[in-house]
1. Take the conditions within 23 Å of the chain's Cα centre (by Cα) and in a helix (DSSP H, G or I) and apply them to R82. Does it pass?
2. Search region 132-151 for residues that are closer than 13 Å to R175 by Cα and pair each with any residue that is of a type in the set (G, A, S) and modelled with pLDDT under 95 when their beta-carbon atoms are under 7 Å apart and the residues are at least 6 apart or on different chains.
3. Filter region 33-62 down to the residues that are free of Cβ contacts under 8 Å to residues at least 40 places away in the same chain, open to solvent by 90 Å² or more (accessible area, probe 1.4 Å) and assigned to a helix (DSSP H, G or I), then identify the one that is farthest from G98 (Cα to Cα).
4. Residues in region 135-166 that are more than 21 Å from E181 (Cα to Cα) and among the aliphatic types (A, V, I, L, M): how many?
5. How many of the residues in region 71-123 are among the aliphatic types (A, V, I, L, M), loosely packed, with under 13 Cβ neighbours inside 10 Å and more than 27 Å from T37 (Cβ to Cβ)?
6. One residue is enough: does region 48-58 have a residue meeting the conditions basic (K, R) and in contact with a helix residue (DSSP H, G or I) (Cβ under 8 Å, 6 or more places away or on another chain)?
7. When you scan region 152-169, do you find a residue that is open to solvent by less than 60 Å² (accessible area, probe 1.4 Å), among the charged types (D, E, K, R) and out of contact with any Phe, Trp or Tyr (no Cβ under 6 Å at 6 or more places or on another chain), even just one?
8. Please tell me if E18 is modelled with pLDDT under 90 and of a type in the set (D, E, K, R).
Amino acid sequence: QALLFDTEHPLGLQLMDEIAAEEERRQIAAFVTSARTELQAGHLDAAERIVSEALQIAPQAAEILQLRETIETTKDMLRRARARFSEGSFEGAIRAVGELLAIDPGNANALDLQTRAQEAIEAREKRAERDAAAQAVVAEARALFDQGDKDSAIAKLEGFTPPHDLVSGFLASLRGEQVAEALPDVVTPAPA
C-alpha cells in the first residue's frame with residue numbers, strides 16, 4: 001500500500017524485493033525437489049528438462065547448476081556402464097555402476113543395469129561349469145570306448161543332462177563308430 005502512495009518508498013521497495021526473492025527461492029526449491037525425484041527414479045531426461053526450466057528462471061542458482069552437473073555426471077557414468085555391458089565386460093559394468101551408485105544410491109537405471117550384469121556373470125559362470133562338465137564326461141566316455149567298453153561309454157554320454165552340444169556330437173560320433181565296427185568288412189573282388 002505504501003508504494004501506491006509513493007512508488008519510491010524505500011521500505012516498500014525493500015519488502016517487494018524480499019517477496020520476489022522468497023518466491024524465487026520457493027520456485028528453485030520446487031524445481032530441485034522435482035528434478036532430484038526424477039533423477040532418483042532414473043528419469044534423466046525428465047530431470048534435465050526440469051533443470052532447464054529452472055535455469056530459465058534462475059540461471060545463476062547454485063543448487064540448479066550443481067544439479068545440472070550431477071545429471072551430466074550421471075549420464076556419463078551410465079553411458080560408460082552400458083558400454084561395458086554391451087562389450088560383454090559385465091564386471092566392468094558393475095564397477096562403473098558402483099561409481100554411479102556411490103553418488104546416487106537410488107538410481108533406478110543403475111540398479112537395473114547392476115542386476116542385469118550380475119545375472120549375466122552368473123549365467124556365464126554356469127555355462128562355463130556346464131562346458132567343463134561336458135568336456136569331462138566326453139573325456140571319460142572316450143577312455144571307456146577306447147578300452148573297449150563301448151556300451152558304458154555311450155550310456156555315460158546318454159545320461160548327461162541337460163543336453164549339451166559337445167556331448168550330443170560326441171555321442172553321435174561314438175554311435176557311428178560302433179555301427180561301423182559292427183558292419184562286416186565288405187570284400188571287394190580283385191580286378192580280373
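1. Numbers: within 23 Å of the chain's Cα centre (by Cα): yes; in a helix (DSSP H, G or I): yes.
So R82 fits the description; yes.
2. Sorted first by the residue in region 132-151, then by its partner, the pairs are A141/A153; F145/A153.
3. Q56
4. Residues of region 135-166 more than 21 Å from E181 (Cα to Cα): 135-137, 159-166.
Narrowing further to those that are among the aliphatic types (A, V, I, L, M): 136-137, 166.
Total meeting the criteria: 3.
5. Initially, region 71-123 is screened for residues among the aliphatic types (A, V, I, L, M), giving 71, 77-78, 81, 83, 93-94, 96-97, 100-103, 108, 110-111, 113, 117, 120-121, 123.
Okay, now just the ones that are also loosely packed, with under 13 Cβ neighbours inside 10 Å, so 102-103, 123.
Checking the rest, the ones that are also more than 27 Å from T37 (Cβ to Cβ) come to 123.
Count: 1.
6. Of region 48-58, the ones basic (K, R) are 49.
Going one step further and asking which of them are in contact with a helix residue (DSSP H, G or I) (Cβ under 8 Å, 6 or more places away or on another chain), we end up with none.
Looking for residues that are basic (K, R) and in contact with a helix residue (DSSP H, G or I) (Cβ under 8 Å, 6 or more places away or on another chain), one finds none in region 48-58, hence no.
7. So far as region 152-169 goes, no, none of its residues is open to solvent by less than 60 Å² (accessible area, probe 1.4 Å), among the charged types (D, E, K, R) and out of contact with any Phe, Trp or Tyr (no Cβ under 6 Å at 6 or more places or on another chain).
8. Yes, satisfied.
The values are calculated or read from the model by the stated rules, or taken from the named source; none is laboratory data. These numbers were taken from a predicted model, which means no experiment stands behind them. Glycine gets a Cβ as well: all are built from the backbone with ideal geometry, and neighbour counts include every protein chain shown. Protein only, heavy atoms only, side chains kept; ligands, DNA and RNA dropped before computing areas. Shrake-Rupley method; radii C 1.70, N 1.55, O 1.52, S 1.80 Å.
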